[in-house]
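Enquirer: Right, I'll just put the structure down here and ask away after.
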Amino acid sequence: MKLNICTPRGVWNVPFVSSSYLVKRSILDNPEISYSCKIFDPEKAFAASLREQDIFMYVDSRFHYGYLVSADNFDLSHVNNELYQVEENRYHFEQRYLHENYSLYLQPNQTLNQPCPDVYWFPLFKPRFCHELVAEAEANGSWVTGAYNDPVPTQDIHMEYIGLGEMWDLMLKEYILPLVSGVFTGYEDTPHCPYKFVVRYRPDQQAFLRPHHDTATYTINLALNNAKIDYEGGGCRFIRYNCSVQDTRIGWILMHPGRLTHYHEGLPVSKGTRYILVSFVDP
Ligand SMILES: O=C(O)CCC(=O)C(=O)O
Ligand SMILES: [Fe+2]
């Protein structure tokens, strides 16, 4: 029998509870309560022993008590291990990282911000996601310039190098695609995105990116830190429209066509370090 304990909410007397429960201490001190039995595992033996003593077990859904995190495959080798947990602990990942207003933008008839023609802008992540991703890239440290024979190279680290390629593919498919397909009709298929990298701009290293087209049908450009606080200058300029987005917001995504009309450049950073995550999507 499947028990829907959330509607209606209430307290349910159940014969068996496993994995996690709250127990009154005096019950554990009761010498009649046992965990061992010839035919049952310890949890079932415990429940059977409670039943024999007329001690009831309950599931209580009157309140939200929180949620459990699966630690079965928790890898401790990263700076921010939770970034790697989207498959195992999706609910926890969403609570921790997804922007509180993201779901508003999924509602029908919601119009996306459009700072330049056909350049869309929406919040996806909390700042925490961005700080942790930058920390992961900096801890890895293998920044390269001009990998993949890129004629317009940035100083970057590919997401695969920091073990986050699959996580990012999932973000593109499950969180970004619903918004993409809302504005670019016909692009509903799983995004194909071989090029996804954290880009770093610094005045003394690479400060800007010259005008170019991307090798992408559409480009996803996520701001990983704060304009005017972490750096000065920077931003993306769309040359055909003489239109720039310079007040980019941490955790917000810019999405724009990669070719033809959207010839663009990365504007010079004059102070500090600007980080973005750029994805070239060619469905
Ligand atoms: O700096 C920017 O916002 C633009 C980055 C960009 O155009 C690219 O990486 O292809
Ligand atoms: Fe670009």
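Enquirer: Expressed as a whole number of Å, what is the distance separating the alpha-carbon centroids of the stretch 1-66 and the stretch 118-191?
Expert: Here the answer is 45 Å between Cα centres.
Enquirer: Describe numerically, in nm with one decimal, the distance between label points set 7 Å from Cα along Cα→Cβ at Y65 and at K173.
Expert: Rounded to a tenth, the inter-label distance reads 3.4 nm.
Enquirer: Still on this structure, I have one more. Quick one: which residues, 5 or more positions from Y58 or on another chain, have an amide H under 5 Å from its amide H? H modelled 1.01 Å from N in the peptide plane, none for Pro or chain starts.
Expert: For Y58, whose amide H was placed from the backbone, the distant partners under 5 Å are V14.
Enquirer: Dipole magnitude of the chain about its Cα centre, charges +1 at Lys/Arg Cβ and -1 at Asp/Glu Cβ only, in debye to the nearest 20?
Expert: Numbers: 24 positive and 33 negative charges, 147 e Å.
Its charge dipole is roughly 700 debye.
Enquirer: I need the phi-derived Karplus couplings for the stretch 160-165: 6.51 cos²θ - 1.76 cosθ + 1.60, θ = phi - 60°, integer Hz, Gly and Pro marked x.
Expert: 5, 5, 9, x, 10, x
Enquirer: For Y218, list long-range residues whose amide hydrogen, built 1.01 Å from N in the peptide plane, is under 5 Å from its own amide hydrogen.
Expert: G258, V281
Enquirer: So how much slack lies between H213 and D54, counting 0.36 nm per residue of separation and subtracting their Cα-Cα distance, in nm? Mind dumping the intermediate values first?
Expert: Details: separation 159, 0.36 × 159 = 57.24 nm, distance 7.30 nm.
Residue separation times 0.36 nm, minus the Cα-Cα distance, leaves 49.9 nm.
Enquirer: Moving to a separate point now. How much length is gained if the chain between K271 and I33 is pulled fully straight, taking 0.36 nm per residue apart and subtracting their Cα-Cα distance, in nm to one decimal?
Expert: Stretched out fully, the K271 to I33 stretch lengthens by 78.9 nm.
Enquirer: Report the paramagnetic label zone for N242: residues of the stretch 202-236 whose backbone N is under 19 Å from a point 7 Å from Cα along the Cα-to-Cβ axis.
Expert: 211-212, 236
Enquirer: A follow-up question, please. Can you give me the convex hull volume of the Cα atoms of the chain, divided per residue and expressed in Å³?
Expert: Normalising the Cα hull of the chain by residue number yields 191 Å³.
Enquirer: Give me the extension gain from K44 to Q107: residue separation times 0.36 nm, minus the current Cα-Cα distance, reported in nm with one decimal.
Expert: Full extension of this stretch gives 18.1 nm more.
Enquirer: Amide H of I250: which non-local residues (sequence gap of 5 or more, or other chain) have their own amide H closer than 5 Å, using H built in the peptide plane?
Expert: Sorted by chain and number, the residues that satisfy this are A227.
Enquirer: Still on this model: Order of T217, T190, T154 from fewest to most other C-beta atoms within 10 Å? Please report the intermediate quantities before stating the final value.
Expert: Numbers: T217 17, T190 11, T154 21.
Exposure proxy ranking, most exposed first: T190, T217, T154.
Enquirer: On to the next question. Using 19 Å as the cut-off for backbone N distance, which residues of the stretch 45-67 belong to the label zone defined by a point 7 Å from the Cα of S19 along Cα→Cβ?
Expert: Under cut-off, by backbone N: 45-47, 57-67.
Enquirer: Shifting gears a bit: How far apart, in nanometres, would the label points at T7 and R249 be if each is projected 7 angstrom from Cα along the Cα-to-Cβ direction?
Expert: Result: 3.2 nm between the two label points.
Values in this text are rule-based calculations from the coordinates and carry no lab data. Bear in mind that the values here come from a model prediction, so they are computed numbers and not experimental data. Heads up, the Cβs are rebuilt from the backbone with ideal geometry, glycines too, and the neighbour counts pull from every protein chain shown.
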